[in-house]
Amino acid sequence: MTGTIVIAATPTPNGDLHVGHMAGPYLAGDVYARYLRADGRPVTYTTCTDDSQSYMISTARTHGTTPAELCATSTARIRRSVEAMGVSLAPLPPVDDAYRRTVLDFVTTLYREGRFELRTVRMPYARNAGVHLFDGLVKGECPACLAESCGGSCEGCGHPNHFDDLGDPRSVLDPADPVTSREVTVLVLPAESYREELTAYYAARESTWRQHSRQLIREILARPLPEIPITVPSPGWGIEAPFAETPGQILYPWIEAMPASIYSTWKAAGEPEGPVDLSWRAESGNRLVYFHGFDNVYSWGMLDLVMLLAHGGRYITPDANVCNEFYELENEKFSTSRNHLIRGADLVAEVPRDLVRFYLALTCPEDQRANFTREGLDRVTAQRLRGPWNALADRVEAAVAQPGEELKVTDDGRRRAAVIVERFRLCYDLTSFSLTRAADGIVTQLGRLLTAERAEPGDLLLEVRTLLACAAPILIDVAAEAEAAGVELTLGTGAETIDAFLLPRLPEDVR
């Protein structure tokens, strides 16, 4: 059976996931996957830790540990946070020999087909340490916006940079270590070779890209497209490159994302017989959707697309890239190094999970930066969700003479229920996906159901059940409680009768 593969950006295991991460791709991907399941559509929601990233080296140095130890402890914390927030990702797969075989098979196929080219380039070089610097090992001036940027791409403007593009490069590992530049011969994949395919791809999917991300793609296309590194000099961490022309080098960490996603999809399916990449092949008929942040628009939206296109039609390509902006804490960027953060697992240990998920959905940074405050969480959820929700539970209880009793539904009740479903579908479908509007839709329907006159209890219960089904991708615990009590949460609205039920209440106090 064909279905949808939903991929959340692969998390780098150099720390736990904080609320800023959760309010971005992980909650959004979870809500979309839950919506598809509720609509009867098969879905696999998965990701894989991004163990090879150079940030593992720099963070491990800061914490006085090794990349391997940091990876192990951070992966365990990421798993805990994902589970605590109720994100329905498949279990994070191990980064093991099977993972590495998948990555190597993916890139060596391209190597044998002659897709890579040798280039002699200049790269920043830390003189005292004797290492070439790239990505998280180097900082300098972004050539596109002049802000400080790490190597690879600029977190601020999103533009890529490779090799010696950064101005005034400095070593992250040791800012006092003089940085020069040295020549090195690496393999690259010229993105310019795929300009025509890229242009057609973006034109066909323009309606699924949010404005800021769409503008960045246009800016990148307006310039010569970058040459994507395939190998880089080894910093002592990563997958060894198997190519004779680049001895002692590793695979550039960012090119692992697609084979990593293929591998995690295979693991999520239970390691079925046959090729690991079978569900990603074009003939599978599967749909592919990515959820990630604006700072990954280049990598997930272009670099990874080129990696798929280079296989010459072998693989599906994403129907959509749903991208979020930055989520701030008390009007400052979340920062692990400064301990300016709130971990998702810690927050849901204090506040009922449905309230947290609702507030993150309502305030998530879809089109511009947004701000998280604990005071806002407590106030907004009490006033806009918990109070009205529990008042509606009181109204349902007053209308229900006997739970389980069969009640008639009128044509008008079915019509209103159908309108509710349609409004939420517009929030969950890809061309207009919006957690903010979905959360606001919950508030709107609560207010309407609390004040509207209802002659038929069956009509009220059908609309309440419909709202509960539409809110279920966000309010997962109250939905699960209703289902456990026998309430069938369906997006269908054509029932002529409905069995009376009581609406579960949202908790009044912290856990």
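The values are calculated or read from the model by the stated rules, or taken from the named source; none is laboratory data. These numbers were taken from a predicted model, which means no experiment stands behind them. Note: ideal-geometry Cβ built from the backbone for every residue, glycine included; neighbour counts use all protein chains shown. Note: accessible area is taken over every heavy atom of the protein model, side chains too, but ligands, DNA and RNA are not part of it. Shrake-Rupley method; radii C 1.70, N 1.55, O 1.52, S 1.80 Å.
Table for the structure above
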| item | result |
| --- | --- |
| Residue match in region 148-159 (condition: at pLDDT below 95 and among the charged types (D, E, K, R)) | yes |
| Any hit, region 356-377, residues being more than 21 Å from Thr436 (Cα to Cα), surrounded by 15 or more Cβ atoms within 10 Å (Cβ to Cβ) and among the basic types (Lys, Arg) | no |
| Selection count, region 300-311, where residues are of a type outside the set (A, V, I, L, M, F, W, C) and more than 16 Å from Val103 (Cβ to Cβ) | 1 |
| Among residues of region 62-72, those that are open to solvent by 70 Å² or more (accessible area, probe 1.4 Å) and assigned to a helix (DSSP H, G or I), counted | 3 |
| Residues being more than 25 Å from Arg210 (Cα to Cα) and either open to solvent by 10 Å² or more (accessible area, probe 1.4 Å) or polar (S, T, N, Q) (or both) - total across region 258-311 | 22 |
| Sole residue being open to solvent by 70 Å² or more (accessible area, probe 1.4 Å), under 30 Å from Glu192 (Cα atoms) and touching a residue at least 24 places away in the same chain (Cβ under 8 Å), chosen from Arg77, Arg115 | Arg115 |
| Selection within region 77-102 - more than 21 Å from the chain's Cα centre (by Cα), in a helix (DSSP H, G or I) and of a type outside the set (S, T, N, Q) | Asp97, Ala98, Arg100, Arg101 |
| Among the residues listed as Glu245, Glu227, the single one being within 24 Å of Leu166 (Cα to Cα) and in contact (Cβ under 8 Å) with a residue 40 or more places away in the chain | Glu227 |
| Selection count where residues are polar (S, T, N, Q) and part of a helix (DSSP H, G or I), scope region 346-399 | 4 |
| Residue in region 334-346 that is farther than 30 Å from Glu227 by Cα, buried (at least 22 other Cβ atoms within 10 Å of the Cβ) and within 19 Å of the chain's Cα centre (by Cα) present | yes |
| Members of region 325-364 that are within 22 Å of His63 (Cα to Cα) and not hydroxyl-bearing (Ser, Thr, Tyr) | Lys333, Phe334, Arg338, Asn339, His340, Leu341, Ile342, Arg343, Gly344, Ala345, Asp346 |
| Complete set of residues in region 183-202 that are closer than 18 Å to Ile230 by Cα and surrounded by fewer than 15 Cβ atoms within 10 Å (Cβ to Cβ) | Glu183, Thr185, Glu192 |
| Answer from Trp237, Trp254 - the residue that is assigned to a helix (DSSP H, G or I) and open to solvent by 10 Å² or more (accessible area, probe 1.4 Å) | Trp254 |
